[in-house]
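What follows is one structure encoded as structure tokens, with my remarks underneath.
Where a number appears in this text, it was derived from the coordinates with a stated rule and is not lab data. The structure presented is a predicted model; accordingly, all values stated were derived computationally and were not measured. In this analysis, Cβ positions are derived from the backbone assuming ideal geometry, glycine residues included, and neighbour counts consider all displayed protein chains.
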């Protein structure tokens with residue numbers, strides 16, 4: 001049976017427990033669930049909010065491609081990726097990745113793979129709104145994110 | 001060359017001053033790099049957006065492409081900075 005793949009790009013928050021349940025309820029073959037949740041940091045109290053812009057259509061397509069690549073590489077039973085857009089406040093959720101598998105290694109690795117590629121391939125951009133009322137800069141991409149994705153090509 | 005839908009995101013959008021437009025590049029513009037060069041000559045807002053052309057990312061019909069990618073047959077071309085999602 002092919003793995004359950006869910007990709008969603010949404011303004012509203014997500015419920016981690018409910019998303020796990022979607023992948024585990026009514027079945028006995030899932031032995032491992034790995035979740036990653038990315039949150040908005042307050043940057044030592046200076047950040048008021050992040051504004052997340054995305055490219056509708058392409059954002060969904062790219063994340064789905066990444067999830068399918070993960071499912072082709074590891075024996076996954078399910079993969080979920082949810083990314084928010086719009087204004088997100090410190091402490092709020094930005095992104096959720098879940099990977100389920102019979103065994104833990106595949107779930108751990110697939111969740112990390114999906115996050116690493118999502119960061120470098122999914123068309124999202126973050127703009128900082130500062131506490132002092134100013135609209136700050138666009139967040140700059142990090143070389144470390146590119147290196148994190150590239151190491152999966154050598155592995 | 002037929003009419004192309006161009007889309008801009010993040011600081012590329014802000015610098016050009018609009019989210020997108022429909023343009024018809026001249027026939028000698030055959031790839032992404034040439035399209036960037038042609039757009040840069042259209043005004044200072046474009047020149048500003050594309051001043052550091054090698055950092056600009058592009059997508060043809062919602063798929064990532066490099067600057068040497070041919071644009072013939074493209075319906076939509078998007079330009080944006082390196083991505084910062086996740």
FRET E, pair residue A:13, residue A:42, Förster distance 25 Å, beta-carbon r, rounded to 0.05: 0.90
For chain B: span of alpha carbons on each principal axis (Å, largest first): 34, 29, 21
Distance cut-off 19 Å, percentage of C-alpha pairs in chain A lying past it: 55 percent
Average partner coverage of A:120-129, which counts Cβ from other chains inside 10 Å: 5
Crossing angle, helix A:104-121 versus chain A [Cα axis fit, 0-90 degrees, rounded to tens]: 40 degrees
Ranked A:126, A:142, criterion: other C-beta atoms within 10 Å, fewest first: A:142, A:126
Cα centroid separation - region A:44-70 against region A:102-134, whole Å: 7 Å
Folded to 0 to 90 degrees: helix A:143-154 orientation relative to chain A principal axis, Cα: 20 degrees
Angle in degrees between helix A:58-73 and the longest Cα principal axis of chain A, rounded to the nearest 10: 30 degrees
Packing-based ranking, highest mean first, of B:70-78, A:112-120 given that Cβ atoms within 10 Å are counted: A:112-120, B:70-78
Average other protein chain Cβ within 10 Å of Cβ, residues B:73-85: 6
